[in-house]
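Heads up, the thing below is written out as structure tokens.
The values are calculated or read from the model by the stated rules, or taken from the named source; none is laboratory data. Since the structure is predicted, the reported quantities are computational estimates derived from the model, not experimental observations. Quick reminder, even Gly has a Cβ in these numbers, built from the backbone with ideal geometry, and neighbours come from all protein chains shown.
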Amino acid sequence: MSANFGNRNAGARLRRKRGVSPIIATILLVAITVVLAAVLYVLVSGLTSHGASTPYSISFVSTSNTGSGTTYWDYMGITPTTGLTTSAFGMKVTQPGGTTLPLGAAPATCVLTAAPSSTTCTGVAGDWYGVLMSATSSDPVALYSSAGWTYASGTTTVALNNGYTLIVVTATSVAGSGDVISAFSSGTSSVSGSGSL
């Protein structure tokens, strides 16, 4: 009789020492994996987004203006912070009183393969557009219009540095009128800056 009692106690001890059921073990493993994946995602996204949110600035300084009739060019010298590219920002022209001058389409004759002229890059009534000129030549490297930035063949962005010039093309003279051109973010980076036309 005592032998049976001892066997029962040994069986009870064995049952108490058994691990958790396979179902609970699976649930715990899945939960731990999900938590670890979430922590890893937060760490990696924090590291990769740090560079993407770099604040940039750009200043525009009017250097000269020319024009007559329905085509006026305002030359703006550009001073950007290091690393700024055209794909990171857009631009707008604000008139006195806060009205935004509409961004128009650049004429088809305002090509990117040759130096622009007042007969190729003409003003568009009521609108404006921009021609970005190379820092090292008289050739345009990009157009900024209602279609956004457009580039010479094979180019998807331009890394800016000191020396680039933006020609603001309008159908009526805006020089000295109090109009302001300003940059705004169009990507994940913060971009700001402005200048009087």
Test for residue 46: is it at pLDDT below 80, in contact with a helix residue (DSSP H, G or I) (Cβ under 9 Å, 6 or more places away or on another chain), of a type outside the set (Lys, Arg) and outside the structural domain of residue 129 (by TED's automatic domain parsing):
no
Do you know which of the residues in the stretch 143-172 that are surrounded by fewer than 18 Cβ atoms within 10 Å (Cβ to Cβ) and in contact with an Asp or Glu (Cβ under 9 Å, 6 or more places away or on another chain) is farthest from residue 102 (Cα to Cα)?
152
Report yes if some residue within the stretch 114-129 is outside any loop (DSSP other than H, G, I, E, B), within 12 Å of residue 86 (Cβ to Cβ) and of a type outside the set (S, T, N, Q); otherwise report no.
no
Have a look at 68, 64, 118, 59 and point out the one that is within 29 Å of residue 153 (Cβ to Cβ), in the same structural domain as residue 135 (by TED's automatic domain parsing) and polar (S, T, N, Q).
118
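So is residue 83 at positive phi, in the same structural domain as residue 191 (by TED's automatic domain parsing), part of a loop (DSSP other than H, G, I, E, B) and in contact (Cβ under 8 Å) with a residue 12 or more places away in the chain or not?
So residue 83 passes the test.
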Within the stretch 96-133, take every residue that is exposed (fewer than 15 other Cβ atoms within 10 Å of the Cβ) and touching a strand residue (DSSP E or B) at 6+ places or on another chain (Cβ under 6 Å) and give me the one that is farthest from residue 147 (Cα to Cα).
100
Residue match in the stretch 176-197 (condition: farther than 15 Å from residue 66 by Cβ, surrounded by 18 or more Cβ atoms within 10 Å (Cβ to Cβ), free of Cβ contacts under 8 Å to residues at least 40 places away in the same chain and not hydroxyl-bearing (Ser, Thr, Tyr)):
no
